[in-house]
Each structure stands twice: as structure tokens, then as C-alpha cells.
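Beneath this line is the structure, given in C-alpha cells, with notes to follow.
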Amino acid sequence: EPAHQIIVVDDGSTDRTGEVARSYGVTVLRPTQNLGSKAKAQNHALPHCEGDIVLAVDADTILAPDYIAKLRPAFDDPSVAIAAGNVQTRFTRTIWERGRAIEYLFGFHWHRPIQAGAHSPMVCSGCCSAFRRDVLLAQGGFPERTIVEDMDLTWTVQIEGRKAVYAGDAVAWAADPETLPYLRKQVHRWMAGFFQNVRLHLGRLLLRKPMLALWVCLAILEILIAPLWWATPALLTFLWQIPASHAVTWWMGTELLLLTPPLVYAARRRRIPLHHVLANIPFVYATRAVNTYYAWKGLVIELILVPLGLAKTLTTYEKGRGDPAYVPRHARPPKSRAPVTPPGSLPAGGTGAYSDP
């Protein structure tokens with residue numbers, strides 16, 4: 001199903017975004033200055049949108065050819081205000097991408113279907129969500145009061161009695177951070193934004209959408225007990241005198257028991273070789289460590305320090321790929337070394353045996 005209209009917001013890019021987009025014949029909007037957040041960029045385009053349904057897509061996300069066709073039926077129900085599909089990773093080259101691949105396979109084939117079955121999805125992913133335009137306009141556009149507009153809008157429409165829908169057959173592929181510095185930026189924004197929304201909405205969720213409030217409270221509980229769970233092998237060893245090898249074996253066995261069945265199902269649904277999925281499991285613990293650190297940071301700052309006036313809420317929007325001069329490791333040309341100079345004969349002007357650019 002073709003899109004009625006395609007608009008690209010070139011929000012102060014320096015990488016020929018506008019030029020490339022125009023070559024495909026789409027409408028390109030470029031604000032006079034960088035607007036500073038995704039929500040503001042989308043609101044810049046909203047007055048130019050003509051259709052009843054607005055599909056917001058991140059520049060680094062690719063939609064399956066049938067994405068619109070698979071998502072569109074959700075809006076046959078007039079009470080549906082927002083819908084989004086299944087997000088998977090485009091690349092699995094680095095530790096962080098491979099860990100994220102496991103998180104997405106598990107989350108979008110376990111957590112999301114359960115939440116969808118209870119008619120209470122916790123978030124419609126902003127990289128590929130569709131919205132009723134009249135609902136957006138009634139809300140004043142995409143919300144700019146938190147750093148994660150997708151979760152804010154997902155919770156807001158459900159509190160107001162409208163529906164949010166997860167369409168698992170509609171698939172999108174996102175390019176996730178390939179390095180630790182970029183992953184940290186993204187996870188910091190996600191976790192701070194989650195707790196901004198908790199501070200803003202939890203009271204109304206408990207009254208108006210208790211099932212969604214349950215998912216939120218379970219997510220907070222998981223964050224709280226994560227350090228304890230990670231420390232369980234050490235606690236079993238030092239407090240209960242269980243041999244370290246037994247404690248670690250028990251912990252890893254429990255982890256695999258919880259992880260593996262949903263991943264096997266996800267691999268079959270996505271037609272990914274199972275051994276590829278299983279080989280990526282160790283890397284998820286690296287991304288989980290980052291998640292846990294920033295989840296606790298977000299909790300302390302946004303739920304405790306900000307209300308007390310001891311810290312400022314996060315307002316700076318940084319996408320994972322924020323430095324236009326950065327070249328990912330996998331895209332760099334291989335390093336070349338000059339031949340080693342024989343002892344006693346240094347090259348002219350040099351003080352070392354070889355160069356390493």
C-alpha cells in the first residue's frame with residue numbers, strides 16, 4: 001500500500017539529507033535552525049500532513065515493503081489512536097548491536113504480545129508509529145514535555161480512553177548504536193524519559209488505565225531488583241556457603257530457562273537461523289549492564305532529585321549517531337603499517353620504527 005504523501009524533515013543535517021531526499025521526489029522541509037528534538041521536528045512537519053493517518057519514521061529505520069498494509073487495518077477501529085509494528089535490528093556487527101538484537105527479539109515476541117493481549121501496550125515505538133492526525137492535532141502535536149514523545153503519547157491516549165495497538169506482523173528494522181558511547185546516549189535518554197513519564201502520568205494511569213499501570217510498576221520493580229539479581233551468585237556463595245561453581249551454574253541455568261523459549265519462537269517467526277540467535281545471547285548482558293546503570297540514574301534523578309529541586313530534568317535530545325564526523329569502526333579503512341625500519345637507520349625526520357595512522 002503506497003503512502004499518500006512523504007515528507008522529510010531535514011533538521012539541520014550536514015550529510016546531504018535534504019539533497020538525497022529531494023532526488024527521490026519527496027517533500028523536504030528544512031527549519032531555519034536546528035529544532036533540538038525529534039518531537040519538535042515532527043511538529044514542524046505536522047501542518048503539512050494531509051492524510052488521516054500520519055506515519056512517523058526515523059531516518060535510520062527501514063520499513064518492510066508491506067509495513068503500511070499490515071499496520072493500516074488497526075485503524076479500522078475508530079477508537080484506535082496509535083499503532084506500531086515489530087522493530088528488529090538492521091545490523092548485528094558489534095557487541096552492542098548483537099546484545100540489542102536479543103533484547104528486541106525477546107521484547108517484541110514476548111513482552112509486547114502479552115501487553116497487546118491485555119490491550120495495554122507500554123509504548124508504540126517512535127521509529128515507526130502511526131497516528132490519527134486529528135488526535136495529534138487535538139493533543140497540540142507530538143508532546144514536547146518529555147524527552148521520549150512516543151511513550152508520552154502512548155500513555156496519554158490510553159489514559160483518555162483511546163486505544164494503542166501493537167501490530168506484530170508489521171516489521172521495521174532500526175539501526176541501533178554500534179558503539180558504547182552512542183548506546184549510552186540512547187539508553188540515558190530512554191531511561192530518563194521513562195521516569196519523566198512515570199512522574200507525569202503514573203497517578204492517572206492507576207485511576208484510568210490500571211493494566212498499563214501494572215506494566216509500568218513491573219518495569220520499575222525489575223529495575224529495582226536487577227542489581228540484586230546480578231549479585232545473586234556472589235550472595236549464594238558468601239552468605240549461604242554454596243560453592244561458587246554451583247551458584248553460577250544455577251544462575252546461568254535460570255537465565256537461559258527464561259530467555260531461550262521466547263528466543264526460539266522469535267527466531268522461527270523472523271526466519272533467523274537459531275544458532276545465530278543463540279550465539280548472540282552472551283552479548284545481551286553487556287547491554288543489560290548499560291540499561292541497569294542508566295535506569296537507576298534515571299530513577300534517582302527524575303523521581304527523587306528533580307521533584308526536590310536538586311537536579312534538572314533531561315531536556316537535551318541526543319540521537320545515537322550524534323557526531324557527524326564519527327566513522328563507525330566497521331566502516332573505517334583497515335590500518336596500514338609502514339615497513340619496520342631496520343635498527344640503526346631511522347627514516348628522515350622520524351623517531352620511531354613504523355607509522356600507525
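The values are calculated or read from the model by the stated rules, or taken from the named source; none is laboratory data. Since we're looking at a predicted model, the values are computed, not measured. Positions of Cβ are generated from backbone atoms using ideal geometry, with glycine treated the same way; all protein chains shown enter the neighbour counts. What goes into the accessible areas is simple: the full protein's heavy atoms, side chains included, and nothing from ligands, DNA or RNA. Shrake-Rupley method; radii C 1.70, N 1.55, O 1.52, S 1.80 Å.
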Only unsatisfied item for A172, checking (1) in a helix (DSSP H, G or I); (2) within 13 Å of the chain's Cα centre (by Cα), is (1)
Mind checking which strands (runs of 3 or more DSSP E) fall wholly inside the range 8-92 and carry at least 1 residues that are open to solvent by less than 30 Å² (accessible area, probe 1.4 Å) and over 20 Å from Y104 (Cβ atoms)? 27-29, 53-57, 80-89
Pick out the one residue from Y104, Y24 that is closer than 18 Å to C124 by Cβ and of a type in the set (F, W, Y). Y104
Hey, can you tell me all the residues within the range 116-153 that are in contact (Cβ under 8 Å) with a residue 60 or more places away in the chain and of a type in the set (A, V, I, L, M, F, W, C)? A118, M122, C127, C128, A130, F131, L136, L137, F142, I147, L153
Single residue of T154, T179 found to be in contact with a strand residue (DSSP E or B) (Cβ under 6 Å, 6 or more places away or on another chain) and buried (at least 16 other Cβ atoms within 10 Å of the Cβ): T154
Selection from the range 204-223 of residues more than 14 Å from Q158 (Cβ to Cβ) and free of Cβ contacts under 8 Å to residues at least 60 places away in the same chain yields C217, L218, L221, E222
Among the candidates F108, F131, F142, single out the residue that is open to solvent by less than 50 Å² (accessible area, probe 1.4 Å) and in a strand (DSSP E or B). F131
Need the failing condition index for Q241 against (1) at pLDDT below 95; (2) closer than 25 Å to I147 by Cβ; (3) open to solvent by 50 Å² or more (accessible area, probe 1.4 Å), just the number. (2)
Since R112 meets every condition but one in (1) over 13 Å from the mean Cα position of the chain (by Cα); (2) over 20 Å from L205 (Cα atoms); (3) among the basic types (K, R), which condition does it not meet? (2)
Which of the residues belonging to the range 157-176 are of a type in the set (D, E) and surrounded by 17 or more Cβ atoms within 10 Å (Cβ to Cβ)? D176
